[in-house]
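I have placed the structure first, in the form of structure tokens, so that the comments after it can refer back to it.
The values are calculated or read from the model by the stated rules, or taken from the named source; none is laboratory data. If you're wondering where the values come from, they're calculated on a predicted model, not measured in any experiment. Positions of Cβ are backbone-derived with ideal geometry, glycine not excepted, and every protein chain shown enters the neighbour counts. Each accessible area value is taken on the protein alone, full model and side chains, heavy atoms only, with ligands, DNA and RNA left out. Shrake-Rupley method; radii C 1.70, N 1.55, O 1.52, S 1.80 Å.
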Amino acid sequence: MFLKTLINRNLHNTCGWALLIDPDKATPEHIDKLLINCAHHKPDYVFAGGSLLTTDTFSETIKDIKKKTNFPLVIFPGSLNQIDRNADAFLLISLVSGRNPELLIGDHVKAAPSLKNSGLEIWPTAYIIIDGGKPTTASYMSNTPPIPDDKPEITVSTAVAAEMLGFKVIYLDAGSGAVRPVSSKTIQAVKKNVNLPLIVGGGINTPEKVKAASDAGANLIVLGNAVEQNPEILAELVTQSTF
Ligand code: 1GP
């Protein structure tokens, strides 16, 4: 069970990290470069997916990553038709910070038969978009405003509702390339009120931001843009003292 690693991190109050690969941007050579840098700084997971895919290389990318590494490969889908049985697990995200019925349950109903047949391990995930200082592809595509980061009480109530509804994971996302990552205050507030494993991502691009999210209570930090633009930065971001 791939989710077990994340559950254990929550039980023991530790933090790991996941490498996010956007199939639109990742050539096989680029994937090589990313994974070489992961050899010394191992992620708990490799996430693959993007809010908007403009190429049809998704399944090739999944196959390529799987061929090159043993890290558990989790699909982080921009839309629920990004299903590929060659991956290991699937973040079944429901956009609980939004009020778009398709992204709360509609798309899930449509994807359910293929997902069930895929054999992928399903992670029921409450996905909460927090304002990261600029409009992101995720909030634009979902047609939902993010929760303001200075209103942690809204985020907490959303996360508590998600826990009571039976979700297994909370994902706080400031959006890819966010100017400001989710604040420590918001992460701490969620952590204090909810017992679920907590994934945090969006705009985490310096060692200080990694440490802040980890210290605040994240159990998994998702690193996308920063590592994609400069794979060597991993050595700086993922240090022994933080993980
Ligand atoms: C976005 O959480 C991810 O959904 C990662 O964001 O690309 O800014 O690291 P970045």
### Query
Accessible area of Met1, 1.4 Å probe, to the nearest 10 Å²?
150
### Task
Determine ³J(HN,Hα), in whole Hz, for all residues of the range 91-98 in sequence, where each value follows from phi through the Karplus function 6.51 cos²θ - 1.76 cosθ + 1.60 and θ = phi - 60°; x replaces Gly and Pro.
6, 7, 8, 10, 7, 6, 7, x
#### Entry: the range 3-239, relative contact order in percent, only Cα pairs under 8 angstrom and at least six apart counted
21
### Summary
Once phi for every residue in the range 37-44 is put through the Karplus expression 6.51 cos²θ - 1.76 cosθ + 1.60 (θ = phi - 60°), the whole-Hz ³J(HN,Hα) values, with Gly and Pro written as x, are 5, 7, 4, 9, 10, 6, x, 6
### Query
Quick one: how many Å² of Glu163 are accessible to a 1.4 Å probe, rounded to 10?
60
### Task
Provide the gained length on full extension for the span Asp56 to Thr242, in nm with one decimal, where the gain is 0.36 nm per separating residue minus the Cα-Cα distance.
63.3 nm
## Note on the structure
Per the charge dipole of the chain (beta-carbon charges, Lys/Arg positive, Asp/Glu negative, Cα centre), the residue among Tyr140, Ala87, Gly50 reaching farthest to the positive end is Ala87
### Query
Using θ = phi - 60° and the Karplus form 6.51 cos²θ - 1.76 cosθ + 1.60, what ³J(HN,Hα) does each residue of the range 77-88 get, whole Hz, x for Gly and Pro?
x, x, 9, 6, 8, 7, 10, 8, 5, 6, 7, 9
### Message
For a 31 Å ceiling on Cα separation, which of these pairs sit above it: Lys67/Lys191; Lys134/Lys192; Lys66/Lys191; Lys63/Lys116?
### Response
Lys67/Lys191; Lys66/Lys191
### Summary
Expected max-MSF residue from Ile170, Ile65, Ile130 in the GNM of the chain (alpha carbon, under 10 Å) is Ile65
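Could you do me a favour and compute the accessible area per residue for the chain, 1.4 Å probe, result in Å²?
Numbers: 11270 Å² over 243 residues.
Dividing the accessible area of the chain by its residue count gives 46 Å².
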### Query
Rounded to the nearest 0.05, what FRET efficiency do Asp215 and Phe2 have when you use their Cβ-Cβ distance and R0 = 25 Å?
0.45
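Please give the FRET efficiency for Lys63 paired with Glu232, using the beta carbon to beta carbon distance and R0 = 22 Å, rounded to the nearest 0.05. Intermediate values should be presented prior to the final figure.
On the way: r = 26 Å, r/R0 = 1.17.
In this case the efficiency is close to 0.30.
Averaged over all directions, how much area does the convex hull of the C-alpha atoms of the range 160-229 cover when projected, in nm²?
Details: hull surface 17.8 nm².
Computed as one quarter of the Cα hull surface, the answer is 4.5 nm².
Under 15 Å from the Cβ of Leu73, count the other residues' Cβ atoms, weight Lys and Arg +1, Asp and Glu -1, and hand me the total. Please list the in-between numbers first.
Numbers: positive: Lys42, Lys63, Lys66, Lys67, Lys68, Arg85; negative: Asp22, Asp44, Glu60, Asp64, Asp84, Asp88, Glu121.
Value of the local net charge: -1.
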### Task
Against the globular-protein guess of 2.2 N^0.38 Å, express the Cα radius of gyration of the chain as a ratio, rounded to two decimals.
0.92
#### Entry: Accessible surface of the range 3-239, 1.4 Å probe, proportion on carbon and sulfur as whole %
54
